[in-house]
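Notes follow once the structure below has been shown.
The values are calculated or read from the model by the stated rules, or taken from the named source; none is laboratory data. What you see is a predicted model, and the numbers here were worked out from it, not measured in a lab. Because the Cβ atoms are built from the backbone with ideal geometry, glycine has one as well, and the counts that use them run over all protein chains shown.
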Amino acid sequence: MSPDTNQNASAATVPFAWPPGYRAAAAFTFDVDAESAILAGAPEAARRLSVMTHQAYGPRTGVPRLLRILDRQGIRATFFIPGYTAERWPVVVRSIRDAGHEIAHHGYLHEPVSELPPEEEERLLLRGLEALDRVAGVRPVGWRAPMWEASGASPGILARHGFRYDSSLMDADHPYRVAAGPEPGAPSIIELPVHWGLDDWEQYIYLPGLSGSGLIESPTKVLELWTLELDALVTEGGLFVLTNHPFASGRPSRAAALERLMDHARSIDGLWIATAGEIAAHAETLPLTPVFHDRPALP
Ligand SMILES: [Zn+2]
């Protein structure tokens with residue numbers, strides 16, 4: 001099958017074929033960046049104890065609270081974990097595994113790989129795999145680009161190392177197949193698309209001089225934002241991928257709002273709430289035409 005290029009409005013099946021009885025899907029995902037997301041861009045921040053504890057709140061306090069909520073809700077989630085986080089917080093990472101959630105790959109030290117040559121991107125992928133295996137004995141099938149900064153080489157590298165899906169790209173409302181090249185038969189994997197509007201970092205993070213908008217939003221506003229998008233995606237028959245960070249959404253009022261969103265999601269008739277890996281495995285069964293993202297030529 002020849003990959004479609006970006007000349008086509010949508011190369012994926014529309015409407016997307018969900019499993020029998022379902023009209024849309026939702027995945028609750030958590031990126032356990034902890035210290036790595038700051039250290040990747042600002043290694044000198046390792047000396048800043050307050051900043052480091054802001055990040056450590058995720059594994060130390062946020063993850064246990066979120067695991068309790070997920071348990072109450074009967075929802076299995078996907079946790080994208082950098083290798084560095086696994087090495088620094090092994091007991092926490094094993095607690096996520098032992099609670100029955102999916103563990104997926106999120107770089108080694110949260111490197112934005114779009115800035116790296118492909119060989120370095122591949123080396124870091126392997127280093128992250130090795131850390132997750134050593135700490136938790138897991139071999140992830142999913143990957144999310146740190147900072148949502150995938151490179152043109154990412155689909156090919158992921159396919160070569162047996163990954164089944166990525167969750168970093170932003171050009172669809174439902175899963176599709178992303179190709180590593182334009183040629184017929186090019187390797188491909190499933191894409192579970194994301195968006196900044198469904199990421200808690202933009203809503204809650206305030207780290208002076210390091211990250212965030214400088215504005216800390218009310219969880220009431222955030223719940224409204226995410227509920228509107230969930231309801232509209234259900235109407236469209238799409239996929240709702242929510243990305244939360246335990247150091248952000250693990251805080252009490254935010255976690256409470258997230259649980260209200262889960263209550264609402266569970267009340268929606270025909271909404272399939274599943275892990276990213278389960279949704280990707282379903283998409284793999286469909287005859288999806290792969291999409292190849294060519295690099296735009298500069299004028
Ligand atoms: Zn991250």
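A compact table of results
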quantity: Cβ-Cβ under 7 Å pairs, at least 6 apart or on other chains, the range 202-221 side surrounded by 14 or more Cβ atoms within 10 Å (Cβ to Cβ), far side of a type in the set (F, W, Y); calculated: E202/W196; G212/Y206; E217/Y204
quantity: Condition check for R144: in contact with a His (Cβ under 8 Å, 6 or more places away or on another chain), charged (D, E, K, R) and surrounded by 16 or more Cβ atoms within 10 Å (Cβ to Cβ); calculated: yes
quantity: All positions within the range 183-216 that are among the hydrophobic types (A, V, I, L, M, F, W, C) and part of a loop (DSSP other than H, G, I, E, B); calculated: A186, L192, V194, I205, L210, L215, I216
quantity: Cβ pairs under 6 Å, 6+ apart, first in the range 258-281 and at positive phi, second part of a loop (DSSP other than H, G, I, E, B); calculated: G270/Y22; G270/R23
quantity: Those residues of the range 104-137 which are within 14 Å of the ligand (Cβ to nearest atom) and within 30 Å of I69 (Cα to Cα), in sequence order; calculated: A104, H105, H106, G107, Y108, L109, H110, E111, G128
quantity: Long-range neighbours under 7 Å by Cβ, at least six apart or interchain, first residue hydroxyl-bearing (S, T, Y) within the range 88-101, second in a helix (DSSP H, G or I) and modelled with pLDDT of 95 or more; calculated: S95/L67
quantity: Filter result for I81 (without any contact (Cβ under 8 Å) to a residue 40 or more places away in the chain, on the phi < 0 side of the Ramachandran plot, within 16 Å of the ligand (Cβ to nearest atom) and surrounded by 19 or more Cβ atoms within 10 Å (Cβ to Cβ)); calculated: no
quantity: Selection within the range 141-174 - in a loop (DSSP other than H, G, I, E, B) and either within 13 Å of the chain's Cα centre (by Cα) or modelled with pLDDT under 95 (or both); calculated: V141, R144, A145, E149, A150, S167, S168, L169, M170
quantity: Qualifying residue in the range 233-251 (condition: basic (K, R), surrounded by 15 or more Cβ atoms within 10 Å (Cβ to Cβ), at pLDDT 95 or above and outside any strand (DSSP E or B)); calculated: yes
